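A short reminder: the numbers here are calculations on the coordinates, not readings from a lab. The structure presented is a predicted model; accordingly, all values stated were derived computationally and were not measured. With ideal geometry, Cβ positions are generated from the backbone for all residues, glycine too; neighbour counts draw on all protein chains shown.
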Amino acid sequence: MDSMMGIFYEQSSRLISELRTDFSNYHDEEKYGQDFIQEVFRVVHTLKADAAMMLYDGIAYISKKFENLLYCFRNGPKVIEDTKRFDNVLCEYMNYVEMELTKIPSGKVMKEPPEHIAKDIDDYIVKLKKQYKLAESNLMRESNISDSQKKARQIYYIPGNIVSAVTEKKSDEKEAEIQTAELYKNDTESENGVIVIKKSEVSKIRLAVAELDKIVKKLHSGDLVNEDFIKEIGEVQKELSCVTDKLTKGDFSVVAKKMELLVDEMAETLHKNIRLSVKGEECMIDKTKRDKISSALIHLIRNAADHGIEDLETREKFGKSPMGLIKLEFSQTGDNIKITVEDDGAGISSEKVLSAARKAGVIKDEKKEYSRQDIMNLLLINGVSTTNVPNDYSGRGVGMDVMNHNIKELGGTLNITSEEGFGTKIEITV
């Protein structure tokens, strides 16, 4: 399992685990309200997006259908009254995704989702549409492009950075290496929820522990004075801290690769000329934080490529370079990481944002005068979207909401600046 597959596996497994926890917390409720619906929607929407990018069409397909079901409740009755039926469909969905995720470490090809799950969801949607008289506009709209018009998807080969285990048993030590299966050269990832530690790192830990044991014995025997004790303990702590960082931290190189593949695929699908520039991917960060940042970046890069970068004709009309540019930059100051996503596209229209916010019922005080920053902040509210025709990448106003949710969970902040006609910049600090 290469690094990118590893990140997808870990993130998706964590999301399903979070969803099960949320479900167990609400399970005894007579009705499910918007808080629960929103939490389920965030998970399903992110799983759909990630799976589609990694070409796991089964998970993406069934997640999109479940997303359609959730739109019935978000835009219709606002509550789930028939909790028993919803529980059954949700459990089917979670079980299916979990089952498919278990195939990733072994490299097995994912199969198409069972048709009975898709049928259960479709039948449920039909019932809700009749029960609450929901129009098609209340549901996630499918792409207007027919199958015959769609271009064939580009399949990318993602080279793994893996050391294969030796399959010949020569000694007890060699048998231990065989059981370890696949170890990463430049990074230590987790597999099936267990951290895989390299032999070199284990040796360092053992040496550090042995050194600590010697120091304690010297201290008890009186052979070590306080000044020497503090100095030697400090050296051991440094060594252990270095090993710990390697186990819990990673750089953004795999995330950058992921974004490059995403931009390549979108440029091909949207028929746009787009280049992604990446800087500072060597910055180190806690892997849990990196996973959440990666999910947020997917939404940001999608928005930049889909809504930000104009088509060739429009760019030529305004005297812009035919090649649209998206900049992704990571930088570190002390313990803080700053991530910047900037494009040279169309920018964000204040008028469109205000109109979308009114349509979503977000604006309560029409007399209030909104500053440019106030208008940008409206984009972070669920349901606010300036896109008239949604597609497989974006357009329902959920991407920015998911991103904001993830960053807030990390205790981070974000800032959006945009100039109409000249592009958009989003800065995240965690």
Amide H neighbours of residue 422 under 5 Å, counting only residues 5+ apart in sequence or on other chains, H built in-plane at 1.01 Å? 347
Spacing of the two label points (7 Å from each Cα toward its C-beta) at residue 321 and residue 417, in nm: 2.0
Ordered by packing density, taken as the mean number of other Cβ atoms within 10 Å over each peptide's residues, highest first, how do 258-265, 410-417 rank? 258-265, 410-417
Give a residue-ordered list of calculated ³J(HN,Hα) values for the range 57-63 (Karplus: 6.51 cos²θ - 1.76 cosθ + 1.60, θ = phi - 60°; whole Hz; x for Gly, Pro). 5, x, 5, 4, 5, 6, 5
Exceeding 18 Å between C-alpha atoms, which entries from my cross-link table qualify? They are 289/408; 64/108; 65/408; 249/292; 258/327; 279/425. 64/108; 65/408
Which order do the peptides 320-328, 45-53 take when ranked by the mean count of other beta-carbon atoms within 10 Å per residue, highest first? 45-53, 320-328
When a/c is below 1.5 the answer is rounded, else prolate if a/b is larger than b/c, else oblate, so apply that to the range 280-387 with a ≥ b ≥ c taken from the square roots of the Cα gyration tensor eigenvalues. oblate
Mind ordering 269-276, 58-65 by average Cβ neighbours within 10 Å, highest first? 58-65, 269-276
